[in-house]
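The values are calculated or read from the model by the stated rules, or taken from the named source; none is laboratory data. Everything quoted here is computed from the prediction, not taken from an experiment. With ideal geometry, Cβ positions are generated from the backbone for all residues, glycine too; neighbour counts draw on all protein chains shown.
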Amino acid sequence: MLQPLGRRVYLVPGAGRARFPYANGLYVRGDVRVLIDAGAGPEALGAVRREGVDVVINTHYHIDHVRGSHLLAPAPVWAHRLDAPAIQDRAAYLRLTGLERLGPAVYGPVLESLGFKEAPVCRQLSGGELLDFGGVSARVIHAPGHTPGHLALLFEGEGILFSADVDLTRFGPWYGNPASDIGAFLCSIDLLAGLRARVVVTGHSGPLPASAEAFRAYAARVEERDRRILEFLGRGRTLEELVQARLIYRRFPEPYCRLFERVMVEKHLARLARAGMVRLEGGRWRRAGAPSPRRRPPAGRDAGGG
């Protein structure tokens with residue numbers, strides 16, 4: 001079940017090919033035994049539990065990465081300070097994910113089926129920290145955009161980068177929460193692409209050879225979506241028409257997918273409007289000629305962690 005990546009670092013493969021609601025994790029067999037992300041599924045977590053876990057690190061608050069943390073108690077949970085509230089408080093989770101917009105009749109069964117459980121965050125991590133687990137260490141990289149406190153971890157001695165949900169999938173970057181930020185995400189992709197790593201493992205893909213080209217292709221999906229939206233606008237579209245066109249998700253298998261599509265489209269429209277490429281008139285979004293959108297620096301990134 002555990003697949004060796006380095007001398008003391010192992011992949012914990014997520015069930016269902018690590019597709020939502022599961023995710024890959026890493027197991028670190030140092031003097032301190034660490035699980036990074038706890039969403040691989042019951043069988044994988046059972047194998048990890050038999051190995052022993054002293055610390056659980058959640059790279060961010062999404063349920064496919066935290067859902068098994070409570071099963072590993074009393075191991076303490078560590079996470080970035082900006083994502084800690086959503087890990088340890090249901091109301092904060094609903095607010096930051098936007099699920100509260102669906103109402104309790106919808107989000108209640110969703111959280112129940114996905115197994116959401118609150119877990120206290122015992123240590124708040126910051127970008128730039130070097131975590132020494134005894135025999136192996138990891139550099140904490142604050143890589144926001146997907147969530148405000150999204151983390152990656154670089155095992156410098158092993159050449160292994162765990163980039164979590166900078167996941168290098170064909171779908172591309174995901175920023176469907178109100179707390180997500182496209183500009184910060186693009187900056188984080190650039191940051192991770194520049195790190196010296198031999199192999200990269202993500203929450204939903206890998207292990208893969210680390211290459212700047214893979215990160216660039218992943219980031220390019222954002223501008224592809226910009227173009228898709230601009231082409232669809234034609235003589236003008238309402239937000240509802242844009243959402244219904246499924247320009248990002250393609251289909252809505254779950255009610256929350258439509259919500260996330262809406263949030264992502266709203267973020268693209270705001271990005272394009274800042275660049276002077278679209279304008280809102282009479283409730284309809286219309287094209288306006290202007291240069292391509294510029295990236296903007298992420299707000300609140302920790303010094304030393306990118």
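If you take the residues in the range 227-250 that are closer than 19 Å to T169 by Cβ and surrounded by 13 or more Cβ atoms within 10 Å (Cβ to Cβ), which one is farthest from the chain's Cα centre (by Cα)?
R228
Check R101 against each of (1) charged (D, E, K, R); (2) over 26 Å from D226 (Cβ atoms); (3) over 18 Å from the mean Cα position of the chain (by Cα) and name the one condition it does not meet.
(2)
Do any residues in the range 255-271 that are at negative phi and at pLDDT below 95 have Cβ atoms under 6 Å from those of residues that are part of a helix (DSSP H, G or I) and not polar (S, T, N, Q), where the two are at least six apart or on different chains, and which pairs are they?
Partner pairs satisfying both residue conditions: P255/V106.
Residues checked against (1) touching a residue at least 24 places away in the same chain (Cβ under 8 Å); (2) under 16 Å from W78 (Cβ atoms):
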position	(1), (2)
G127	yes, yes
F133	yes, yes
H146	yes, no
F162	yes, yes
L168	yes, no
G194	no, no
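With respect to L191, determine if the residue is in a helix (DSSP H, G or I) and closer than 28 Å to Q3 by Cβ.
yes
Among V166, V140, which is touching a His at 6+ places or on another chain (Cβ under 9 Å), under 22 Å from C187 (Cα atoms), of a type in the set (A, V, I, L, M) and assigned to a loop (DSSP other than H, G, I, E, B)?
Being touching a His at 6+ places or on another chain (Cβ under 9 Å), under 22 Å from C187 (Cα atoms), of a type in the set (A, V, I, L, M) and assigned to a loop (DSSP other than H, G, I, E, B) holds for just one of V166, V140, which is V166.
Mind checking which residues of the range 189-216 are within 23 Å of P21 (Cβ to Cβ) and out of contact with any helix residue (DSSP H, G or I) (no Cβ under 8 Å at 6 or more places or on another chain)?
Across the range 189-216, the qualifying residues are V201, T202, G206, P207.
If you scan the range 3-12, which residues turn out to be buried (at least 18 other Cβ atoms within 10 Å of the Cβ) and not aromatic (F, W, Y)?
L5, R8, V9, L11, V12 - these are the residues of the range 3-12 that are buried (at least 18 other Cβ atoms within 10 Å of the Cβ) and not aromatic (F, W, Y).
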